[in-house]
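Notes follow the structure.
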Amino acid sequence: MRPTNKRILDAAMQLLVKKGYRATTTKEIAEKANVSEATIFRNFKNKQGLVEALLSQHSPNRSSILEQTEGDLYKDLLHIGTCLLEELEHRKDIIKISFREPAMFQDVINHVTEYPQSMKQLLVDYLKTMGEKGVIQTGNEAEHADVFMSIIFGYFIHRLHLGDRVISMPQEKMLEHSTALFVKGIS
């Protein structure tokens with residue numbers, strides 16, 4: 001990506017998170033990025049084009065997550081949970097934008113949910129494999145995946161909105177403890 005476009009996208013992200021889509025103008029974005037407004041229109045067409053470009057920046061490689069599993073239920077779920085939480089953290093600004101004006105950003109919400117949906121399917125497939133190996137009972141893989149992901153999402157959303165004011169447990173410890181409890185519950 002060209003440095004100019006990166007500056008524009010960084011400025012757009014900061015302003016959209018701070019002010020929202022409606023209140024942010026392309027003129028403000030241009031000023032913050034130290035470019036002309038015409039540069040924004042030439043490179044992104046309009047403000048919606050900026051949002052689409054911001055969304056296209058976030059596309060993780062999910063297949064490598066399963067390749068790094070070892071067949072140890074606790075270690076593997078800890079790895080999957082860590083990857084999910086890290087990706088949510090990476091996407092937190094986009095998620096904030098989708099929360100700020102949800103009616104305007106159905107495309108953003110759809111984009112934000114693509115990764116968790118694919119992670120849920122990855123988790124269901126992993127749990128089915130572990131069930132076939134006799135490590136866990138079979139039949140409730142989707143429900144197990146929902147519960148596991150709810151733990152991760154709950155922690156992420158809490159930290160996003162409240163910081164560490166209620167849940168002060170560090171991320172690594174939370175992942176280790178909740179994964180251990182979860183494994184105990186499904187084993």
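Take the cross-link list LYS96/LYS184; LYS75/LYS120; LYS92/LYS120; LYS6/LYS173 and give me the ones stretching past 29 Å between alpha-carbons.
On the way: LYS96/LYS184 33 Å; LYS75/LYS120 17 Å; LYS92/LYS120 19 Å; LYS6/LYS173 35 Å.
LYS96/LYS184; LYS6/LYS173, as the Cα separations exceed 29 Å there.
From Cα coordinates alone, what are the radius of gyration and Dmax values for segment 44-187 in angstrom?
16.5, 55
Using only alpha carbon pairs under 8 Å that are at least six residues apart, calculate the relative contact order of the chain and give it in whole percent. Intermediate results must be reported in sequence, preceding the final value.
Working: 134 pairs, mean separation 38.7, N = 187.
Once divided by the residue count of the chain, the mean separation gives 21 percent.
Give the residue from ALA145, GLN171, THR4 lying farthest towards the positive end of the charge dipole for the chain; charges sit on Cβ (+1 for Lys and Arg, -1 for Asp and Glu) and the dipole is referred to the Cα centre.
Checking the options against the dipole of the chain, the answer is THR4.
Of the listed peptides 174-180, 8-14, what is their order by residue-averaged count of other C-beta atoms within 10 Å, with the highest listed first? Provide the component values of the computation, followed by the final result.
Numbers: 174-180: 17.3, 8-14: 20.1.
Put in order of decreasing packing, that is 8-14, 174-180.
Which of the listed residues, GLN68, ILE80, ILE40, is farthest toward the dipole's positive end in the chain, when Lys, Arg count +1 and Asp, Glu count -1 at the beta-carbon?
Farthest towards the positive pole: ILE40.
Taking only the C-alpha atoms, wrap a convex hull around segment 118-187 and report its volume per residue in Å³ as a whole number.
Numbers: hull volume 5.9 nm³, N = 70.
Per-residue hull volume (Cα only) is 84 Å³.
Counting only protein heavy atoms, what percent of the accessible surface of the chain is carbon or sulfur at a 1.4 Å probe? Don't skip to the answer; put the middle values down first.
On the way: 5210 of 10330 Å².
Heavy-atom surface of the chain belonging to carbon and sulfur, 1.4 Å probe: 50 percent.
Just to confirm my numbers, what's the Cα centroid distance between segment 121-135 and segment 1-25 in Å?
Distance between centres, Cα-based: 41 Å.
In Å², what does the accessible area per residue of the chain work out to with a 1.4 Å probe?
That works out to 55 Å² for each residue.
If each residue of separation counts as 0.36 nm, what is the full-extension length gain between LYS92 and HIS177 once their alpha-carbon separation is subtracted? Please report the intermediate quantities before stating the final value.
Numbers: separation 85, 0.36 × 85 = 30.60 nm, distance 2.32 nm.
Gain on stretching LYS92 to HIS177: 28.3 nm.
Taking 20 °C and 1.002 mPa s as the conditions, I'd like the Stokes-Einstein D for segment 3-55 in µm²/s, using the Kirkwood hydrodynamic radius from alpha carbon pairs.
Value of D from the Cα-based Kirkwood radius: 205 µm²/s.
Need the full-extension length gain, ILE157 to ASP72, defined as separation in residues times 0.36 nm minus the C-alpha distance. One decimal, nm.
Working: separation 85, 0.36 × 85 = 30.60 nm, distance 2.80 nm.
Roughly 27.8 nm would be gained on extension.
The values are calculated or read from the model by the stated rules, or taken from the named source; none is laboratory data. Remember, predicted model here, so these are calculated numbers, not experimental data. So basically every Cβ, Gly included, is an ideal-geometry build from the backbone, and we count neighbours across all protein chains shown. Quick note on the areas: whole protein, heavy atoms, side chains included, nothing else; ligands and nucleic acids left out. Shrake-Rupley method; radii C 1.70, N 1.55, O 1.52, S 1.80 Å.
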